[in-house]
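Asker: Sharing a structure here in structure tokens format.
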Amino acid sequence: MGVKVSGMKKARRLLLKITPAIKAEFEAANRENAELIVDVAKVLAPSKSGFTRGRIRNVPAVDGGQIIDFGPLSRILEGGTELRATKTGANRGKGPARPFVRPAMQGTKKKRAARNRKAIKAAIKVAKDG
Amino acid sequence: MADSYAIELQVALVALLEADAGIAALVSERIYDEPPQPVMRPYIKIGDIEPRPVRSSCGKAANVVFGIEAYSRPNSGRIEATRCAEAVVSALDGAALDVVGYRTVYCRWLTQTVESDGDGVGYSAIIVFETLLDG
């Protein structure tokens with residue numbers, strides 16, 4: 001079965017019209033989405049000392065995207081641990097899982113998608129009008 | 001003059017939670033900022049409050065993500081913590097929060113988790129909301 005491609009030239013022409021202003025709008029949408037994930041993850045992080053919460057942050061990437069650092073304990077908290085033991089072999093049980101990364105991603109999914117759609121619509125409008 | 005977004009929001013949250021009959025039926029008056037030691041379970045605690053400025057040219061506003069934590073009794077399992085979480089959602093989702101000095105544009109439930117406590121005493125729920133405060 002063949003694949004029919006339609007509207008490619010038109011889409012390419014529109015993409016070529018992406019201006020720095022449109023790029024900035026995409027970057028702003030990305031940053032706001034990342035900030036929302038960071039805020040929700042901080043609220044959900046189970047640490048009482050603030051060690052985990054204080055290390056959750058977003059940093060801009062070179063391509064206009066955002067990198068979210070969930071902190072050094074996120075892997076352990078997210079999935080729990082295997083059975084642990086001391087050097088002498090005494091059982092210390094499993095570290096419980098207290099997931100906060102996945103719930104933060106899931107809980108903000110719709111809002112992030114809506115923000116992305118808004119930025120894309122605005123970009124298409126500018127490209128068409130320009 | 002009104003206090004900061006976080007403090008005024010916390011005051012409004014405590015007032016609203018204390019006035020809610022569904023929550024009172026579950027935790028009585030045990031709604032804390034910092035619970036006393038030893039504490040009687042189940043209880044509700046105001047969790048993390050994360051205000052972030054909204055950048056606009058027409059005034060000041062803040063988008064605030066906050067959490068409400070619910071702690072269940074030992075051996076009552078996940079059910080009690082989940083019931084508390086549902087009562088909190090019912091009280092706060094879409095509520096018109098009376099925040100002194102600010103206008104609440106919206107207050108929405110985002111997500112929640114219910115997990116076993118690290119100390120093995122009971123279960124705890126963290127319920128996350130987002131609100132936009134104008135002013």
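The values are calculated or read from the model by the stated rules, or taken from the named source; none is laboratory data. Model, not experiment: these values are computed from the prediction. Every residue, glycine as well, gets a Cβ built from its backbone with ideal geometry; the counts of neighbours run over all protein chains shown.
Let's see how each residue does on (1) among the acidic types (Asp, Glu); (2) more than 18 Å from B:Arg52 (Cα to Cα); (3) surrounded by 18 or more Cβ atoms within 10 Å (Cβ to Cβ); (4) in contact with a helix residue (DSSP H, G or I) (Cβ under 9 Å, 6 or more places away or on another chain):
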{"position": "A:Lys4", "(1), (2), (3), (4)": "no, yes, no, no"}
{"position": "A:Met8", "(1), (2), (3), (4)": "no, yes, no, no"}
{"position": "A:Ala11", "(1), (2), (3), (4)": "no, yes, no, no"}
{"position": "A:Ile22", "(1), (2), (3), (4)": "no, yes, yes, yes"}
{"position": "A:Ala29", "(1), (2), (3), (4)": "no, no, yes, yes"}
{"position": "A:Lys42", "(1), (2), (3), (4)": "no, no, yes, yes"}
{"position": "A:Ile67", "(1), (2), (3), (4)": "no, yes, no, yes"}
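Asker: Which is within 12 Å of chain A (Cβ to nearest Cβ) and at positive phi, of B:Gly94, B:Gly120, B:Gly101, B:Gly135?
Answerer: B:Gly120
Asker: Does A:Lys125 fit the bill of being at pLDDT below 85 and under 21 Å from B:Ser124 (Cβ atoms)?
Answerer: no
Asker: Right, another one. Please verify whether the range A:48-63 includes one or more residues that are among the hydrophobic types (A, V, I, L, M, F, W, C), within 11 Å of chain B (Cβ to nearest Cβ) and surrounded by 12 or more Cβ atoms within 10 Å (Cβ to Cβ).
Answerer: Yes; the residues of the range A:48-63 include at least one that is among the hydrophobic types (A, V, I, L, M, F, W, C), within 11 Å of chain B (Cβ to nearest Cβ) and surrounded by 12 or more Cβ atoms within 10 Å (Cβ to Cβ).
Asker: Does the range A:116-130 include one or more residues that are within 14 Å of another protein chain (Cβ to nearest Cβ) and surrounded by 11 or more Cβ atoms within 10 Å (Cβ to Cβ)?
Answerer: So far as the range A:116-130 goes, no, none of its residues is within 14 Å of another protein chain (Cβ to nearest Cβ) and surrounded by 11 or more Cβ atoms within 10 Å (Cβ to Cβ).
Asker: Being more than 9 Å from every other protein chain (Cβ to nearest Cβ) and of a type outside the set (Val, Ile, Thr) is the filter here, so list the residues in the range A:94-103 that pass it.
Answerer: Within the range A:94-103, A:Lys94, A:Arg102 qualify.
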